[in-house]
Amino acid sequence: MSNIIHIKTPLMDDTTANLRIGNRVLISGIIYTARDAAHQRLVELAGQGKKLPFDVQNQIIYYVGPSPAQPGRPIGSCGPTTSYRMDVYTPQLLAMGLKATIGKGNRSDSVIEAMKQYKAVYFAATGGAAALLAKRVKRADVIAYQDLGTEAIMRLEVEDFPVVVANDIYGNDLFREGMVKYQNR
């Protein structure tokens with residue numbers, strides 16, 4: 001495949017500055033999982049001035065609730081969750097240094113503005129490809145909130161995890177551009 005950008009975590013400003021909507025990206029390194037309930041807990045901890053279970057600085061959070069792992073595999077199917085449910089929490093995490101999120105679907109205007117302000121990006125992962133995405137996970141460890149079951153926070157080691165830049169640090173939105181192009185046909 002041509003025109004694929006390979007990035008490694010943790011993400012730095014120079015990396016996010018070079019990404020544009022529509023870029024196909026392969027991520028290698030460490031990413032973290034979190035969904036609604038975990039996000040609520042993270043924001044509550046931050047509001048109380050307490051330490052989070054992992055340092056979000058320059059990290060990526062993947063919105064996913066993976067299925068149980070089959071024997072010999074680090075993780076079960078792990079397709080993206082709809083992102084807008086985390087929009088209420090995302091600006092605060094971006095302000096704390098989070099550099100990217102991965103999910104499916106579009107983001108709110110407040111999240112897009114926060115991404116511009118904090119030089120963060122939003123990656124879209126392919127919905128319906130959960131089993132294929134799981135093959136890119138080399139290791140998965142629960143690091144917090146085990147009581148949440150599949151929504152516990154996990155530390156994933158990934159290799160060439162495929163995503164597309166849906167929102168860049170410049171305020172561009174792949175979903176909106178796609179709708180405009182479609183309407184102009």
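The values are calculated or read from the model by the stated rules, or taken from the named source; none is laboratory data. Not measured: the values here are computed from a predicted model. FYI the Cβ positions are ideal-geometry reconstructions off the backbone, even for glycines, and counts take in every protein chain you see.
No other residue among 61, 102, 27 is without any contact (Cβ under 8 Å) to a residue 60 or more places away in the chain, within 12 Å of the chain's Cα centre (by Cα) and within 14 Å of residue 163 (Cβ to Cβ) apart from 61.
Check residue 72 against each of (1) in contact with a Ser or Thr (Cβ under 6 Å, 6 or more places away or on another chain); (2) on the phi > 0 side of the Ramachandran plot and name the one condition it does not meet. That leaves (1) as the condition not met. Kindly establish whether residue 133 is buried (at least 17 other Cβ atoms within 10 Å of the Cβ), modelled with pLDDT under 95 and not β-branched (Val, Ile, Thr). Criteria met by residue 133. Assessment of region 34-47 against the conditions (assigned to a loop (DSSP other than H, G, I, E, B), over 16 Å from the mean Cα position of the chain (by Cα) and either at pLDDT 95 or above or of a type in the set (D, E, K, R) (or both)) yields no matching residue.
Scanning region 1-34 for residues that are crowded, with 16+ Cβ neighbours inside 10 Å and among the β-branched types (Val, Ile, Thr) turns up 7, 9, 15, 16, 21, 25, 27, 30, 31, 33.
Among the residues of region 54-81, those that are under 23 Å from residue 121 (Cα atoms) and surrounded by fewer than 16 Cβ atoms within 10 Å (Cβ to Cβ) comprise 55, 57. Out of curiosity, is residue 107 outside any helix (DSSP H, G or I) and surrounded by fewer than 14 Cβ atoms within 10 Å (Cβ to Cβ)? Considered against the rule, which asks whether it is outside any helix (DSSP H, G or I) and surrounded by fewer than 14 Cβ atoms within 10 Å (Cβ to Cβ), residue 107 comes out as no.
Scanning region 116-165 for residues being among the small types (Gly, Ala, Ser) and on the phi > 0 side of the Ramachandran plot gives a total of 2.
Screening residue 149 with (1) assigned to a strand (DSSP E or B); (2) surrounded by fewer than 14 Cβ atoms within 10 Å (Cβ to Cβ) gives one miss only, at (1).
Summed over region 68-91, residues that are touching a helix residue (DSSP H, G or I) at 6+ places or on another chain (Cβ under 6 Å) and among the β-branched types (Val, Ile, Thr) total 2. Of the residues in region 121-137, none is in contact with a Phe, Trp or Tyr (Cβ under 9 Å, 6 or more places away or on another chain), part of a strand (DSSP E or B) and of a type in the set (Lys, Arg). Per the conditions (1) at pLDDT 95 or above; (2) surrounded by 19 or more Cβ atoms within 10 Å (Cβ to Cβ); (3) not in a helix (DSSP H, G or I), the sole criterion not satisfied by residue 162 is (2). The residue list 140, 95, 100, 114 contains one member that is crowded, with 17+ Cβ neighbours inside 10 Å, at pLDDT 95 or above and out of contact with any Pro (no Cβ under 8 Å at 6 or more places or on another chain), which is 100.
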